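The values are calculated or read from the model by the stated rules, or taken from the named source; none is laboratory data. Given the structure is predicted, the values throughout are model-derived calculations rather than measurements. Cβ coordinates were reconstructed from backbone atoms using ideal geometry, including for glycine residues, and neighbour counts include every protein chain displayed. All accessible areas refer to the heavy atoms of the entire protein, side chains included, with ligands and DNA or RNA removed. Shrake-Rupley method; radii C 1.70, N 1.55, O 1.52, S 1.80 Å.
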Amino acid sequence: MFGSKFKAKLADPNSSLALIHRLMTEQAFGQRKNYAIAGVLMAIAAGATGLTAYLIGNVINAAYVDKNLQAIIVLAIVTAVLFMVKAIASYMSAVQMARIGNRIVADNQRRMFSSLSQQNLEFFSRHHSVEFLARLSTGASAASQVINLLVTSIGRDLLSLIALVTVMVYQDPVMSLFSFVVVPPAFAILRKMIRRIYAIAKSQFHGTTRIMETMQETVQGVRTVKAFTLEDQMRARLDANIAEFENDSNKWARVALRASPLMEALGGFAVGIALVYGGYRVLETGATPGQFFSYLAAFMLAYEPAKRLARLNIDLNTGLVGVRILYDIIDNPPTEPEHENKPALALTTARVEFKDVNFAYRSGEAVLRGMSFVAEPGKVTALVGPSGGGKSTTLNLVLRFYEMDSGSITIDGQDIANVTRASLRRQISYVGQDVFLFHGTVRDNIAIGRPGATEEEIVAAAKAAHAHEFIKAFPKGYDTPVGERGTQLSGGERQRVAIARALIKDAQIILLDEATASLDSESEQLVQDAMARLCRGRTTLVIAHRLHTITHSDRILVVEGGSIVETGRHDELLRKGGRYAAFYRLQIKEQGPLNEPIPIAG
Ligand SMILES: Nc1ncnc2c1ncn2[C@@H]1O[C@H](COP(=O)(O)OP(=O)(O)OP(=O)(O)O)[C@@H](O)[C@H]1O
Ligand SMILES: [Mg+2]
């Protein structure tokens, strides 16, 4: 009966029992030696506690019955030594447990990061970035907290309790029976509380996450918040989140702390019964006072560990909320597994071909519709067209940020779906529409393009990207910090650093998404020139809104509604008088006569 219920609980992966089982087998088992050491230390401490309680009986008898001062002194010294042994063993076991716990936290943080690094863009777009931080900090420590709670409860509290109960039973079995009548009602009460505790702890976690989300959005969007004077709105949002969390925390305290006074009241009841019966035994049946006192001492000492054990389930369930949060992430099957059983992409000329590619971010909302074209080796192919037409999406698919629904993309005849993602991405230089710089210096950010790049290579790349001049003008030069996400640089400077990063990578395929969008005419010409160098002799796919930057491209593709509606060279397309010509004329009218652009390919 009990066995089958137990098995059923174990089979449900979300039950507390299954989670504990998993923690024990996956994480605690590897630390079993350290746990054994901690266990031995705890057993020593528990034994010392039990012995102290036992010896009190002898002291009392020596004082009241035998009137032997020498014996009392000996017993006092032994007791003092026992306390010392207990103190040392407790300290050592506590240090040992903390070290094991820290190791488990570290392991979990690594496991979680490794799991995240094997997820695709779609996975990340489904969650708020803060959620990962909250899960990382809460989840990793919850696992170690739960395991240590269990080990400490069993090792320290349970062993102490066993030692003390042994003393109690030895001194007076009948009196012990009286004290234990309070155990069943205590358990009945605790069981009821656990469900509530679990629900509250879960709500607390989501509350913390929401507070962090608002906090992060206010900080990252500080310009927008200030420009639109959204401070009051953000404060109101944060206030609501904080009030909710405070409320949850108070609820948790009300329920969880209720365990203590309940146990206290029940304990007092047990002491009362024991006192009456013990007094009766001494007075009426001639038991020694030593027995009585030793019993009482054991009872008092047993009280704290018993209370902690009773609370165990409450603390466990609070911690298990965090463990579930951790496993939620770790258990996500990798959408971009690190180890793919596929060959690497082998480039010869780097000819990229789209064949009838269809793709939708959300099923039913087609973004690319039968896209077909060839980016010839060593040539510049430009994608132009209205906003939202699917240009950036086209590049996303080349990098396999997303998987297409049908059709194929081949590079030198190899379907990119049949080669490893890492080998594909390693051979592509990409400058995205939103430039992202890492926290660090300008040098770090360029060097990221090629691990182990030398100083000369970094400077050469910066020169070619026309970034060297402005970097040199900074007092700290290449050691200038760029700030979080590059916010300490101007938009155009950020872009040139990103281009230098792509240049240093020296890949055969180049994808540029609006790489000159935030530049003035002069810097744009500089960057155009830089890009012309970057693209020379390589297969380049470039997206541009300002058409004069691509007038010298080898081939222009007009993308509209997710497919190619026109192709040709600039002058051909102008002569044709179709979509491109209309587009171009509109821009000329808006922007006025343009400087003669520097060609980006020869
Ligand atoms: N991650 C995404 N999830 C869902 N839809 C998306 C996502 N990214 C883009 N889209 C949608 O796909 C369509 C094509 O977007 P894409 O970014 O390819 O346009 P684009 O041609 O690069 O436009 P722009 O010139 O403005 O950069 C748009 O309607 C856009 O709303
Ligand atoms: Mg785009």
Handout entry: Complete set of residues in region 494-514 that are in contact with a helix residue (DSSP H, G or I) (Cβ under 6 Å, 6 or more places away or on another chain) and within 16 Å of ligand 1 (Cβ to nearest atom)
Key = Leu511, Asp513
Completion exercise
Selection over region 58-79 where residues are exposed (fewer than 14 other Cβ atoms within 10 Å of the Cβ) and touching a residue at least 40 places away in the same chain (Cβ under 8 Å) yields a count of 2
Exercise for the section: Just name the residue that is nearest to Glu122 (Cα to Cα) out of those in region 338-348 that are open to solvent by 60 Å² or more (accessible area, probe 1.4 Å) and in contact with a Ser or Thr (Cβ under 8 Å, 6 or more places away or on another chain). Expected result: Glu338
Exercise for the section: Give me the pairs, please: first residue somewhere in region 410-439 and farther than 26 Å from Val497 by Cβ, second residue anywhere and open to solvent by less than 20 Å² (accessible area, probe 1.4 Å) and within 16 Å of ligand 1 (Cβ to nearest atom), beta-carbon distance under 8 Å, and either six or more positions apart or on two chains. Expected result: Asp415/Ile409; Ile416/Val398; Ile416/Arg400; Ile416/Ile409; Ala417/Arg400; Ala417/Ile409
Completion exercise
Of (1) at pLDDT below 90; (2) of a type outside the set (Asp, Glu); (3) farther than 18 Å from Lys505 by Cα, Ala382 satisfies every one except (1)
Exercise for the section: Would you point out the residue of region 121-136, among those that are of a type in the set (Gly, Ala, Ser) and open to solvent by less than 70 Å² (accessible area, probe 1.4 Å), that is farthest from Val105 (Cα to Cα)? Expected result: Ser129
Problem - Of all residues in region 384-402 being more than 11 Å from ligand 2 (Cβ to nearest atom) and either free of Cβ contacts under 8 Å to residues at least 40 places away in the same chain or among the aromatic types (Phe, Trp, Tyr) (or both), the one that is least open to solvent (accessible area, probe 1.4 Å) - result: Arg400
Practice task
Examine region 53-67 for a residue that is modelled with pLDDT under 85 and not in a helix (DSSP H, G or I), and state whether such a residue exists.
Solution key: yes
Practice task
Taking only region 416-435 into account, find how many residues are more than 26 Å from the chain's Cα centre (by Cα) and open to solvent by less than 20 Å² (accessible area, probe 1.4 Å).
Solution key: 7
Practice task
Would you mind stating whether Val352 is open to solvent by less than 40 Å² (accessible area, probe 1.4 Å) and more than 16 Å from ligand 1 (Cβ to nearest atom)?
Solution key: yes
Practice task
Scan (1) in contact (Cβ under 8 Å) with a residue 60 or more places away in the chain; (2) farther than 23 Å from Arg538 by Cα; (3) surrounded by 15 or more Cβ atoms within 10 Å (Cβ to Cβ); (4) more than 12 Å from ligand 1 (Cβ to nearest atom) for the single condition Val357 breaks and write down its number.
Solution key: (1)
Practice task
Only residues in region 119-131 that are more than 16 Å from ligand 2 (Cβ to nearest atom) count as the first member; pair them with residues that are of a type in the set (A, V, I, L, M), Cβ under 7 angstrom, at least 6 apart or cross-chain, and list the lot.
Solution key: Val130/Met212
Handout entry: Test: residue in region 550-571 that is without any contact (Cβ under 8 Å) to a residue 12 or more places away in the chain and more than 16 Å from ligand 1 (Cβ to nearest atom)
Key = yes
Practice task
Just name the residue that is nearest to the chain's Cα centre (by Cα) out of those in region 248-266 that are surrounded by 15 or more Cβ atoms within 10 Å (Cβ to Cβ) and of a type in the set (A, V, I, L, M).
Solution key: Ala256
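Between Leu503, Leu519, which is within 22 Å of Ser429 (Cα to Cα), out of contact with any Ser or Thr (no Cβ under 7 Å at 6 or more places or on another chain), among the aliphatic types (A, V, I, L, M) and at pLDDT below 80?
Criteria check complete, one pass: Leu519.
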Fill in the blank from the handout: Subset of region 462-479, residues in contact (Cβ under 8 Å) with a residue 40 or more places away in the chain and open to solvent by 10 Å² or more (accessible area, probe 1.4 Å), comes to Ala464, His466
Problem - Breaking point among (1) within 16 Å of ligand 1 (Cβ to nearest atom); (2) among the hydrophobic types (A, V, I, L, M, F, W, C); (3) open to solvent by 40 Å² or more (accessible area, probe 1.4 Å), for Phe438 - result: (1)
Practice task
Might you let me know whether region 155-162 holds any residue that is at pLDDT below 85 and out of contact with any Cys (no Cβ under 6 Å at 6 or more places or on another chain)?
Solution key: yes
Exercise for the section: Would you point out which residue out of Ala360, Ala344 is modelled with pLDDT of 90 or more, out of contact with any strand residue (DSSP E or B) (no Cβ under 8 Å at 6 or more places or on another chain) and under 30 Å from Met112 (Cα atoms)? Expected result: Ala344
